[in-house]
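K.L.:
Can you keep this structure in mind? I'll have questions shortly.
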Amino acid sequence: MTETSGFLARPDGHRLAWRKVEGAGPVVVWLGGFRSDMAGTKAQVLADWAQARGRAYVRFDYFGHGESDGDFADGTITRWRDDALAVLEHLTQGPTVLVGSSMGGWLSCLVAGAVPDRVQAMVLIAPAPDFTEKLMAPEMTPADRAQMAASGVWLRPSDYGDPYPITRQLLEDGARWSILPGPVNIDVPVRILQGGADPDVPWRHALDLAQAIRGQDVVFSLIKDGDHRLSRPQDLARLTAALEELAV
């Protein structure tokens, strides 16, 4: 199966970039992480998996990410959630399996809550629910808070490159979508892969999500030496194995 690509027009005039593999369902939908894009290692591995097995697969870039339109600094959880819902509505039919990485894990939960009839199962990789409020805001120093108070923007240092903007709007909007401590009203099978050495999402935070999900078919896998990206060969093998189990 070949992969096609295009742009999905949004009501505000911005376009979302997408790539799609046609095949048998349920449709596997990739929801990437904060400041990541659909060209990343895990998203590509899933495209290869889909093509090799004749399975349906969709990946996309949120507003302000990757090949999509928009300024990243104008993004919010509301906007990115709406992007994901638009992709399900316009680019998929029938049941889906959501694969959410980091922020995409949070957005997967929000999507499953909004359209539960469209979600058959979920695979979450280092899920970061409520990260704006529970992981990001607490690390701000008094100087960071003064910077945000003065300009509405905090330039957050990154281990992966230059500092990047975190806006007051993002933090305030994220708090409105908080799902912890739960209950999280999801009843479909969920598999969570979490690194024990993840510097960005503490494994106990991901475990809190696993315990908050209402359904009983939830398996939490702690990869003791795993980092946040979980992109080593052995991690990718766990990811595709989880899909083989659930995407049936």
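K.L.:
Rounded to the nearest 500 deg cm²/dmol, what is the calculated helix-only ellipticity per residue at 222 nm for the chain, with -39500 (n - 2.57) per DSSP H run of length n ≥ 4?
P.N.:
Values: 7 runs with 83 residues, N = 248.
After summing the helix terms and dividing by the residues of the chain, the value is -10500 deg cm²/dmol.
K.L.:
Let me check the size of the range 1-108 from its C-alpha atoms; what are the radius of gyration and Dmax in Å?
P.N.:
12.7, 38
K.L.:
Continuing with the same structure: Tell me which label goes with the value of Cα Rg over 2.2 N^0.38 Å computed from the coordinates here: (i) 1.01; (ii) 0.96; (iii) 1.42.
P.N.:
Step by step, Cα Rg over 2.2 N^0.38 Å for this structure corresponds to label (ii).
K.L.:
Can I ask one more? Got a sec? How would 164, 57 order by Cβ neighbour count within 10 Å, fewest to most? Kindly include the intermediate steps, with their values, before the conclusion.
P.N.:
Values: 164 15, 57 28.
Fewest-to-most Cβ neighbours within 10 Å comes out as 164, 57.
K.L.:
Treat the count of other C-beta atoms within 10 Å as a stand-in for reagent exposure and order 7, 131 from fewest to most. It would help to have the intermediate numbers written out before the result.
P.N.:
Numbers: 7 15, 131 21.
Ascending Cβ contact count within 10 Å gives the list 7, 131.
K.L.:
Pick from 107, 16, 207 the residue whose mean-square fluctuation is largest in a GNM of the chain, springs joining Cα atoms under 10 Å.
P.N.:
Largest GNM mean-square fluctuation: 207.
K.L.:
For the residues 71, 208, 130, what sequence is obtained by ranking on other C-beta atoms within 10 Å, fewest first? Each step should come with its number before you reach the end.
P.N.:
Details: 71 10, 208 17, 130 21.
Least to most surrounded, the residues fall as 71, 208, 130.
K.L.:
Separate question: Let me check against my output: what whole-number percent is the relative contact order of the range 133-224, with C-alpha pairs under 8 Å and at least 6 apart? Provide the component values of the computation, followed by the final result.
P.N.:
Working: 106 pairs, mean separation 22.1, N = 92.
That works out to 24 percent.
K.L.:
Quick check: net charge around residue 158, other residues with Cβ under 13 Å of its Cβ, Lys/Arg +1 and Asp/Glu -1? Mind dumping the intermediate values first?
P.N.:
Details: positive: 35, 156; negative: 139, 159, 162, 200.
Taking every Cβ under 13 Å from that of residue 158, the sum is -2.
K.L.:
If I take all pairs of Cα atoms in the range 159-200, what percentage of them are more than 16 Å from each other? Don't skip to the answer; put the middle values down first.
P.N.:
Working: 583 of 861 pairs.
Pairs farther apart than 16 Å: 68 percent.
K.L.:
Got the relative contact order for the range 1-100 handy, in percent, Cα pairs under 8 Å and 6 or more residues apart? Could the numbers behind the result be given before it?
P.N.:
Values: 188 pairs, mean separation 33.6, N = 100.
Relative contact order, the range 1-100: 34 percent.
K.L.:
Can I ask one more? Could I have the simple spin-label model distance between residue 222 and residue 146, label points 7 Å from Cα toward Cβ, reported in nm to one decimal?
P.N.:
4.0
K.L.:
Another one. Mean separation of Cα pairs under 8 Å and 6+ residues apart, divided by the residue count of the chain: what relative contact order is that in percent?
P.N.:
Working: 507 pairs, mean separation 42.0, N = 248.
Over the chain, the number comes to 17 percent.
Values quoted throughout were computed directly from the atomic coordinates according to the rules given, and no laboratory measurement underlies them. Because the structure is predicted, anything quoted here is derived from the model rather than measured. We place every Cβ from the backbone using ideal geometry, glycine too, and count neighbours over all the protein chains shown.
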